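Q: Dropping the structure in here first, questions after.
The values are calculated or read from the model by the stated rules, or taken from the named source; none is laboratory data. As the structure is a computational prediction, the values presented were derived from the model and not from experiment. Note: ideal-geometry Cβ built from the backbone for every residue, glycine included; neighbour counts use all protein chains shown. Heavy atoms of the whole protein, side chains included, go into the accessibility calculation; ligands, DNA and RNA do not. Shrake-Rupley method; radii C 1.70, N 1.55, O 1.52, S 1.80 Å.
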Amino acid sequence: MLVSLDVTNTGARRGDEVAQLYIHEKVSLVTRAVKELRGFHRLSLNPGETKTVEFTLGPKELSYLNREMQRVVEAGAFEVMAGGNSVDLISTNLNVVNR
Amino acid sequence: MTAALCSCVCLVSVAQHVAAYRDAKLPVEERVADLMGRMTLEEKVAQLEGTWQNRGNLKDATRLFVDEKGVFLPERAGAVLKNGLGQMSRPSEQHGPGAMAEFTNTVQRWMKENTRLGIPILFHEECLHGHAALGGTSFPQAIALASTWDEGLVQDIFSSVAAEVRARGAQQCLAPALDLARDPRWGRTEETYGEDPYLVAHIGVAAIRGFQGKGPNIDRSHVMATAKHFAVHGQPEGGTNVG
């Protein structure tokens, strides 16, 4: 899954922003964190400038260690969140299915 | 003719007596095997030992080889260090940059010249957010460095710390702390790179690259990093440090 974000400097000064990507697995055999960071990118923007940041979410990024200490990806619903901090986030859903 | 022949024989004889472990041209594995074969049990154990010559912490005064002003005492070293020594903690104590360089050179020279195998010592220093020593440069605390989200900056900072420490004669830094901030009551939370394993891993790798340089070997302006703490020390019980 490719996550693409447009980051715009809406202020009047040049500044830095840190684009942050979090995931949350809504139902899992072992309770997972409410928000797990899976990518970040610090960028500098001029006033009015927009830059695009891309993150890739693959099996490694969605996996976690189960009770047997094996790294696994579980089927189910994930929430994918992005923003400039861990509170003010926009989100989308991702469903992982068994094939 | 006789004299020339004689000098030739002498040179050959000297070459044969340079121990393999001292020959930097040989493969590391070969040098290690040679050295291990020469070491006594006492010398091997001494390499596993470390000492902090701090009078407040070192209860056994017979282990001291530094006086109260931080001056190296060769006569004491002869009694305490004859089998060698693995590590010495914080040679920066009581020493500014120049004095520490002289101190580490003095101790190193003594170890090379006065122990049976001449194995150099390893000096380590505290470097959580800069060299924690007289005259050392202090950078913002670890949790603030992680809050920059800037791996390149963190790498540059610890590269600078490494150069300072190495110039003073130490080869290892006891940092970075890779503990997760699990409980804000822990009095060492500020030493961490925060609560998220992903950020801690990325900032931690940047710090280690800064300390150790590009590799594969560590050059003369870098030091060994120490990823810590062992045995999940940073998982406190009730917020205590060692409970």
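Q: On the given criteria, is B:I143 surrounded by fewer than 19 Cβ atoms within 10 Å (Cβ to Cβ) and modelled with pLDDT of 95 or more?
A: yes
Q: Looking at the structure I just gave you, is B:F230 open to solvent by 30 Å² or more (accessible area, probe 1.4 Å) and at pLDDT below 95?
A: So B:F230 passes the test.
Q: Please list, ordered by residue number, the strands (runs of 3 or more DSSP E) wholly in the range A:4-60 having 2 or more residues that are away from chain B (no Cβ under 14 Å).
A: In the range A:4-60, A:50-56 are the strands (runs of 3 or more DSSP E) which contain 2 or more residues that are away from chain B (no Cβ under 14 Å).
Q: Does A:E61 count as surrounded by 16 or more Cβ atoms within 10 Å (Cβ to Cβ) and within 23 Å of B:R182 (Cβ to Cβ)?
A: When the stated conditions are applied, A:E61 passes them.
Q: Residue by residue through the range B:183-202, note down the ones that are away from chain A (no Cβ under 14 Å), surrounded by 18 or more Cβ atoms within 10 Å (Cβ to Cβ) and acidic (D, E).
A: Once the filter is applied, which keeps residues that are away from chain A (no Cβ under 14 Å), surrounded by 18 or more Cβ atoms within 10 Å (Cβ to Cβ) and acidic (D, E), the range B:183-202 yields only B:E191.
Q: For residues in the range B:203-217 being open to solvent by 60 Å² or more (accessible area, probe 1.4 Å) and free of Cβ contacts under 8 Å to residues at least 24 places away in the same chain, which is nearest to A:Q20 (Cα to Cα)?
A: If we take residues in the range B:203-217 being open to solvent by 60 Å² or more (accessible area, probe 1.4 Å) and free of Cβ contacts under 8 Å to residues at least 24 places away in the same chain, then B:K214 is nearest to A:Q20 (Cα to Cα).
Q: Let me ask something else about it. Does the range A:68-85 include one or more residues that are of a type in the set (S, T, N, Q), under 21 Å from B:D196 (Cα atoms) and free of Cβ contacts under 8 Å to residues at least 40 places away in the same chain?
A: Looking through the range A:68-85, at least one residue is of a type in the set (S, T, N, Q), under 21 Å from B:D196 (Cα atoms) and free of Cβ contacts under 8 Å to residues at least 40 places away in the same chain.
Q: Would you check which residues across the range A:18-58 are loosely packed, with under 12 Cβ neighbours inside 10 Å, within 20 Å of A:N93 (Cβ to Cβ) and polar (S, T, N, Q) and list them?
A: Within the range A:18-58, A:T31 is the sole residue that qualifies.
Q: Here's another thing I want to ask about it. Take the range A:67-99 and flag every residue that is open to solvent by less than 70 Å² (accessible area, probe 1.4 Å) and among the hydrophobic types (A, V, I, L, M, F, W, C).
A: Scanning the range A:67-99 gives A:V72, A:V73, A:A75, A:A77, A:F78, A:V80, A:M81, A:A82, A:L89, A:L94, A:V96.
Q: Here are some conditions: (1) more than 14 Å from chain A (Cβ to nearest Cβ); (2) under 16 Å from B:H229 (Cα atoms). B:V205 meets all but one. Which one does it not meet?
A: Tallying (1) more than 14 Å from chain A (Cβ to nearest Cβ); (2) under 16 Å from B:H229 (Cα atoms), B:V205 fails exactly one: (1).
Q: Kindly provide the set of residues from the range B:123-139 that are open to solvent by 60 Å² or more (accessible area, probe 1.4 Å) and of a type in the set (A, V, I, L, M, F, W, C), ordered by number.
A: Scanning the range B:123-139 gives a single hit, B:L134.
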